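To keep things clear, I will list the structure first and then write my remarks on it.
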Amino acid sequence: MTKHRFAPRRAGGPASAIARLVGGLQPTSQLAEVQRVWPDAVGPALAARATPTAARDGVVSVTCESAVWAHELTLMAGELIALLDAELGAGTVRELRCSA
């Protein structure tokens, strides 16, 4: 019986061609970047109730499930901006506009 020179190899891992392809397919807009880091930056409780829906020139609009949550996030805006900037780079987000 002849042995094959090429054995099957695992197709996973962060350096795989698939991972590079998927990373290259993601949009690079400011909104896409904010949406990508949002759950990790603000935590699962806030991410479940509020979603970044627009971003332009450092101003991020966040749509919340209720007016109460919009008000709460507005009060927390300084802290949330700092958390987002820690993920995206200083000065990336300069204002949050929260609405229901």
Can you tell me which of 30-37, 68-75 comes out highest on packing, and rank the rest after it, using the mean Cβ neighbours within 10 Å? 30-37, 68-75
Provide the per-residue ³J(HN,Hα) series for the range 83-100, in order, calculated from phi with Karplus coefficients 6.51, -1.76, 1.60 and θ = phi - 60°, each as a whole number of Hz, with x at glycine and proline positions. 5, 5, 5, 5, 7, 9, x, 4, x, 5, 10, 10, 7, 10, 10, 9, 8, 9
The alpha-carbon pair-distance distribution computed for the range 25-100, with 10 angstrom bins and whole-percent values, is 21, 60, 18, 1
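Where a number appears in this text, it was derived from the coordinates with a stated rule and is not lab data. Everything numeric in this text was worked out from a predicted model, so none of it was measured. Counting neighbours? That spans all protein chains shown, and the Cβs are built from the backbone with ideal geometry, glycine included.
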